[in-house]
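Visitor: Sharing a structure, written as structure tokens. Questions coming.
The values are calculated or read from the model by the stated rules, or taken from the named source; none is laboratory data. Since the structure is predicted, the reported quantities are computational estimates derived from the model, not experimental observations. As a convention, Cβ positions derive from the backbone with ideal geometry for all residues, glycine included, and neighbour counts pool all protein chains shown. Areas reflect the complete protein model, heavy atoms only, side chains present, ligands, DNA and RNA absent. Shrake-Rupley method; radii C 1.70, N 1.55, O 1.52, S 1.80 Å.
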Amino acid sequence: MAEEKKGFFSRLKEGLNKTRDNIVAGIDAVFYGASEIDDDFYEELEEILIMGDIGVNATNDIIERMREEVKKRHLRQPSECKELLVESIKEQMHVEETAYDFEKEQSVIFIIGVNGVGKTTSVGKLAGILKGQGKKVLIAAADTFRAAAGDQLAEWAHRAGVDMIGGTDGADPASVIFDAVNAAKARNVDVLICDTAGRLHNKKNLMEELKKMNRIIDREFPNAHRENLIVLDGTTGQNALAQAREFGEAASLTGVILTKMDGTAKGGIAVAIQSELNVPVKYIGVGETIEDLQKFNADEFVNALFDIKTEETQPESTDGDNDGKVMPNDGGCDGNPTENGQIQPDETDDNRAACPETETENAMDAVAVSEDKGEYVDEDSAEDENGTEKPKKKKWFFW
Ligand SMILES: Nc1nc2c(ncn2[C@@H]2O[C@H](COP(=O)(O)OP(=O)(O)OP(=O)(O)O)[C@@H](O)[C@H]2O)c(=O)[nH]1
Ligand SMILES: [Mg+2]
């Protein structure tokens, strides 16, 4: 029998080992090494928090609050401040229940981010979670850029037991979105999750492409609850903040999926995101299997980070179909953002960050469909002499 997989909390705790070494060891040295609560104590603490990727805003808030509480509670011992720090970080990272209101309504989740951060994987995991809640889920494979992207998402769709709509390689991703949105409406789907191609946040034309997809969702499905979730790689550190700011210009962000929190030393970024961007971390990823994504829980995260003993928190159940096996690394462009926060993609002609394209045959033959789509007209396509737009030719497939 396969060894039972550890609970999410244990995996999170284990994943945060390096971050713990990076931040908590230093914090403890200040709390237990300082003889009194004076300016030096606050300065040392500030330095460690900033070095630990917690960010300037969050650090300032934490220190300010600590100064107030120390006065109010008449604390004398530096070690008494640790609890204040833990409380303060929990408060900073608290995610309101309303953050998941999309679960109660018909919604469209638009997943965006730079290359290799874990977008496709997160779409698959999220589809599994929502399907497990009994929802009718559809996913859109709007990454038509990378040859193997459709196959990769189709595997996830299969695993999560949900339908998928995609287009042929090289098709206008906005046209895939158009078709998927109309299919979602026609089929009365609860949640449509749209995967998109990874792109560099400083490439204007690619960010315009995102804006176009975003507009199409708004235009075609104005009544849907919208979620624009940026996927950020936890190993990236401060660069993740720059990515979020740029992507936020293209599609206003409603939340963050923070991935690869297993094994990064830069986990402090989770604290920075909320206070620097004012956007909540809604999901956290700690591995490559379908059950490795969970709603973000500030208490759980901070307890894991500071190794505060609690009862093991059990993960929410996902779809029973999911066996939690590691998905094959099916062409995901992994690891472009590196530990030093730099993104190092190669670039192709159209300035996309390049992923190694596998010349695999498309597992799903493109077939023309569909009874439930309207006609997509490319708003960017050239007009003919009569001023009539010429829609680009496309093919469609359903999973
Ligand atoms: N360890 C770990 N690996 C992850 C996590 N999430 C995703 N990955 C891995 O990261 C790699 C890239 O994931 P993808 O989902 O393909 O990333 P993507 O953002 O869709 O990539 P592009 O579409 O090429 O931009 C894969 O090998 C995933 O298995 C996570 O939480 N932890
Ligand atoms: Mg992808």
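Visitor: Take the solvent-accessible surface of the protein heavy atoms, probe 1.4 Å, and return the percent of it on the stretch 1-110 that carbon and sulfur atoms account for.
Guide: Taking all protein chains in place, the stretch 1-110 shows 46 percent carbon and sulfur surface.
Visitor: Follow-up question, since we're still on this one. For an R0 of 35 angstrom, estimate the FRET efficiency from the Cβ-Cβ distance between residue 135 and residue 67 and round to the nearest 0.05.
Guide: 0.15
Visitor: Considering only Cα-Cα distances, which of the following residue pairs are longer than 29 Å: 90/203; 6/266; 82/125; 72/260; 104/125?
Guide: Cα-Cα > 29 Å for 90/203; 82/125; 72/260; rest within.
Visitor: In Å², what does the accessible area per residue of the stretch 1-111 work out to with a 1.4 Å probe?
Guide: That works out to 55 Å² for each residue.
Visitor: Tell me, what is the FRET efficiency for residue 17 and residue 225 to the nearest 0.05, using R0 = 30 angstrom and their Cβ-Cβ distance as r?
Guide: Step by step, r from the Cβ atoms, then E = 0.20.
Visitor: Continuing with the same structure: List the relative contact order of the stretch 2-92 as a percent without decimals, with contacts defined as Cα pairs under 8 Å and 6+ residues apart.
Guide: It rounds to 30 percent for the stretch 2-92.
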